[in-house]
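Here's the structure, in structure tokens; my notes come after.
Bear in mind these aren't lab numbers, they're just calculated from the coordinates by the rules spelled out. Computed from a prediction, not measured in an experiment: that's the story for all the values here. Methodologically, a virtual Cβ is constructed for each residue, glycine included, from the backbone with ideal geometry; neighbour enumeration extends over all protein chains shown.
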Amino acid sequence: MLAMNKFRILGTIVIVIAASIVVTSCKDKRSTGWEYAPNMYEHIAYDPDQKNNNFKDGKTAQVPPAGTIPVGFVKFDYPNTKDGYELASVEVKTVLAQTQANYKDGKILFEHFCSPCHGLSGQGDGLVVQHGYPPPPSYSKGQSSRGGAMKDLTDGKIYHTITYGVNAMGSYASQLAPEERWKVIMYVHHLQTL
């Protein structure tokens, strides 16, 4: 008889727990149930497009203060003009050591970013030319659209061109970091001698 009461009590407890789970789970259709570590998806930080009463204009995304430079940004103080191009030619020199590792990196970067137009050997015979686009001048035999032979281009002229682009070539400043540009220039100087 005592064992029978234990089974009844245990059965009643199981039925009560099951009923309470069913009742509480049906209460709110939008509820996801218990929250484990809610701070992982309900963050306290403001989203950039969210209203923020901490600033006078009420915007979370603020314009940086005047004169500030982002971390890791390298300023290039030569304008995108013919005069800026000529001044860069005289004043801008490579900042990287002429090492085999930098040369190899420059070759890889050139093959990925430059060879589609300039070709693997810098002769202006890349894939886009084969599809009907006008060829860029050869590094070793061609003439620059800004005057002078391509084989005589200096570090500054090439850096300026990579940074701002010229003619059909757009700027590669967003694709190549300053150090990567110098590595490409190192490889382009090799192509100028072919």
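Numbers below:
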item	result
Spin-label model distance (nm) - T24 vs A37, 7 Å beyond Cα toward Cβ	2.3
Those aspartates and glutamates that a straight Cα-Cα span of less than 20 Å connects to K82, excepting residues fewer than 8 apart in one chain	E91, D152, D155
Dipole magnitude of segment 82-192 about its Cα centre (Cβ charges: Lys, Arg +1; Asp, Glu -1), debye to nearest 20	160
Charge-dipole axis of segment 82-192 as Lys and Arg at +1 and Asp and Glu at -1 on Cβ define it, positive-most pick from W182, L120, G170	L120
The chain: most fluctuating residue of Q123, Q50, Q100 per GNM, C-alpha cutoff 10 Å	Q50
The chain: angle of helix 178-192 to the longest principal axis, Cα-based, in degrees nearest 10	40
Structure-based [θ]222 nm, the chain - -39500 (n - 2.57) summed over DSSP H runs of at least 4, per residue, nearest 500	-12000 deg cm²/dmol
Cα→Cβ-extended label distance, 7 Å offset, between N80 and F55, nm	2.6
Prolate/oblate/rounded call for segment 96-160, Cα gyration tensor, a/c under 1.5 rounded	oblate
With at most 13 neighbouring Cβ atoms within 10 Å, loop GluC sites (Glu not before Pro) (DSSP) excluded, longest segment of the chain	43-194
Cα-centre dipole for the chain with unit charges at Cβ (Lys and Arg positive, Asp and Glu negative), debye to 20	680
Nearest 10 degrees, 0 to 90: helix 2-25 Cα axis against the chain principal axis	40
Proximal lysines relative to K104, as straight alpha-carbon distance under 28 Å, when same-chain residues fewer than 8 apart are discounted	K75, K93, K141, K151, K157, K183
Angle between the chain longest axis and helix 82-91 axis [Cα atoms, degrees, rounded to 10]	90
Among [x] 50; [y] 12; [z] 71, the entry that matches percent of Cα pairs over 31 Å apart as calculated here	[x]
